[in-house]
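The values are calculated or read from the model by the stated rules, or taken from the named source; none is laboratory data. These numbers were taken from a predicted model, which means no experiment stands behind them. Note that we place each Cβ from the backbone using ideal geometry, even for glycine, and neighbour counts take in every protein chain shown. All accessible areas refer to the heavy atoms of the entire protein, side chains included, with ligands and DNA or RNA removed. Shrake-Rupley method; radii C 1.70, N 1.55, O 1.52, S 1.80 Å.
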Amino acid sequence: MSTIEQYDAVVLGSGESGKYIGWHLGAAGKRVAVIERKYVGGSCPNIACLPSKNVIHSAKVASYFRRSEEFGIVKGDWSVDMARVREHKREMVDGLLQTHLANFAKSKAEIVMGSGRFVGERTLEVALADGGKRVLQGGMIFLNTGTRERIDAIPGLTEAAPLTHVEALELDRVPKHLLILGGGYIGLEFAQALRRFGSRVTVVERNERLVHREDPDVSEALEQLCKDEGIDVVTGVQVTRVEGKSGDHVRLDTSGSNGAGITLEGTDLLVATGRTPNTENIELDLAGVATTERGYIQVNERLETTAPGVWALGDCAGSPHFTHIAFDDFRVVRENLAGRHRVTTGRQVPFCLFTDPEVARVGLSESEAKQQGIAYRLAKIPMMGVLRSRTLSETRGFLKALVSAEDDRILGFTGFGVGAGEIMAPVQLAIKTGLPYTELRDLILTHPTLAEGLVSLFSTVPALRPSS
Ligand SMILES: Cc1cc2nc3c(=O)[nH]c(=O)nc-3n(C[C@H](O)[C@H](O)[C@H](O)COP(=O)(O)OP(=O)(O)OC[C@H]3O[C@@H](n4cnc5c(N)ncnc54)[C@H](O)[C@@H]3O)c2cc1C
């Protein structure tokens, strides 16, 4: 066995939480190693959030070209060059990589390229990317191994070699007819982008509606968006069998909720049906780290695992699967290491779905309020009412907010419209600080901005019923 190298801290996975822990402890003078098998900086800058938004933006440019005459710009010849779309994305990813490497150098946290697994308590063996092995022992261990696309056990699915987001972001051609399994966040973002590049796209969703965890008006609006962009949506069907190979010809047999099934055919297949944690093959049991039934690392609200001195953060710890949450997991651990007390329970979990226009939500949805028996007052305005949207010719969608029926606290916000994610931020602050909605309603906001829509939105909150 190789000699055991001693570190103050060893981090497995350089994702959003792991890299910040590494940089933070490294800058504080600790001896830190961050083990990463492939993507320095994790999924977000390499294969997930940022490259997908980059490609989505190229698709937006294509949509502007398609609509150009509406804006008084006479169209010349134009076409989509997917190889260049990919190159543009790669340039951004490479720039981000350089920033990450510079942060490692500056903080003096060592990045160790290779695949890590436990060989004992707080001891990891790394199969180095360029050959050989190292064994690292840490006073503290931080696990940040993330998740990957789940490939369901459907006969023929693995054999069809479907695309996941990783390969879809590397396409240098426009698929002729892309079938997408999954009408959730990732599926819909790719559906719209690829459609805008010129693919025929069919989204296959097993639930009765798209983004089924959101309110029905959000699902309906997204379904209408798909329809208007020429994306076929099939809901309420289970894929029972896959035949063929993605990139050539694929056939899906399905069964519907009433038993009857349809057959769908396309040239390419993208799987976007859910995530699975990267927790197998790292011998967590040798380190005394327990997992949940679904394979996530078991943690308490301070992100401590069942093994003393071992923490888990981000997706692999079952935290809501967003980069900003993985970042907050880092802050929770950082605060606790400094002797303060911070927990994950009760924190805000805002999120966006980056279709165009986007969906943004924080706090309670109407469905959740109803399920939990929470009485609310509803304010809802069409995006048309936000005058900035008219100047942009982007009037699709709505803003809505739930305000308590007992006092003026804001309980939740959902936006489907241009800039919804940006409009959400001040509402989030109001929710967090317990500001009454009237403060947003009465704010002087610059005209014409999208955020100005908050004045209109909160002006429509029904008055409190006088208590009997
Ligand atoms: C297509 C797509 C788009 C998304 N868009 C958004 C978005 O717009 N906004 C948002 O907030 N979230 C988005 N997400 C979710 C977001 O990417 C994740 O929630 C986030 O990246 C999780 O970060 P993490 O730190 O937990 O793990 P990751 O960033 O996945 O990092 C884990 C790292 O561990 C490494 N690793 C794993 N096992 C080992 C091992 N044994 N040895 C060495 N290294 C290992 C992996 O290579 C990886 O680099 C998106 C996800 C996808 C797939």
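Of note:
- Among the residues of the stretch 119-129, just one is of a type in the set (Val, Ile, Thr) and within 11 Å of the ligand (Cβ to nearest atom), namely Val126.
- Scope the stretch 50-72; condition among the hydrophobic types (A, V, I, L, M, F, W, C) and surrounded by fewer than 17 Cβ atoms within 10 Å (Cβ to Cβ); matching residues: Val61, Phe65, Phe71
- Lys75 vs. criteria modelled with pLDDT under 95, open to solvent by 40 Å² or more (accessible area, probe 1.4 Å) and more than 30 Å from Pro308 (Cβ to Cβ): yes
- Ala161 being buried (at least 18 other Cβ atoms within 10 Å of the Cβ) and out of contact with any His (no Cβ under 6 Å at 6 or more places or on another chain): no
- Residues in the stretch 317-342 that are under 28 Å from Ser52 (Cα atoms) and either near the ligand (Cβ under 6 Å from one of its atoms) or among the polar types (S, T, N, Q) (or both): 6 in all.
- Applying the criterion of being part of a strand (DSSP E or B) and within 16 Å of the ligand (Cβ to nearest atom) to the residues of the stretch 138-158, the residue that is surrounded by the most Cβ atoms within 10 Å (Cβ to Cβ) is Leu143.
- Condition met for Val204 (buried (at least 16 other Cβ atoms within 10 Å of the Cβ), away from the ligand (no atom under 11 Å from the Cβ), under 22 Å from Thr273 (Cβ atoms) and not polar (S, T, N, Q)): yes
- When residues of the stretch 348-373 are limited to those that are open to solvent by 40 Å² or more (accessible area, probe 1.4 Å) and within 14 Å of the ligand (Cβ to nearest atom), the one farthest from Tyr20 (Cα to Cα): Phe354
- Single condition Arg213 does not satisfy, out of (1) part of a loop (DSSP other than H, G, I, E, B); (2) more than 24 Å from the chain's Cα centre (by Cα); (3) not aliphatic (A, V, I, L, M): (2)
- Helices (runs of 4 or more DSSP H) completely within the stretch 1-118 that count 1 or more residues being away from the ligand (no atom under 16 Å from the Cβ): 16-27, 49-67, 82-107
- Strands (runs of 3 or more DSSP E) enclosed by the stretch 363-468 - at least 1 residues per element that are basic (Lys, Arg) and either within 25 Å of the chain's Cα centre (by Cα) or on the phi > 0 side of the Ramachandran plot (or both): 398-404
- Considering residues of the stretch 231-279 that are among the hydroxyl-bearing types (Ser, Thr, Tyr), under 26 Å from Pro320 (Cβ atoms) and part of a strand (DSSP E or B) only, the residue nearest to the ligand (Cβ to nearest atom): Thr276
- Of the residues making up the stretch 375-423, those that are without any contact (Cβ under 8 Å) to a residue 40 or more places away in the chain and of a type in the set (Phe, Trp, Tyr) number 1.
- The residues of the stretch 170-180 that are open to solvent by 10 Å² or more (accessible area, probe 1.4 Å) and either within 14 Å of the chain's Cα centre (by Cα) or not β-branched (Val, Ile, Thr) (or both), listed by number, are Glu170, Leu171, Asp172, Arg173, Lys176, His177.
- Candidate set: the stretch 280-293, residues that are of a type in the set (A, V, I, L, M, F, W, C) and assigned to a loop (DSSP other than H, G, I, E, B); chosen: the one surrounded by the most Cβ atoms within 10 Å (Cβ to Cβ): Val289
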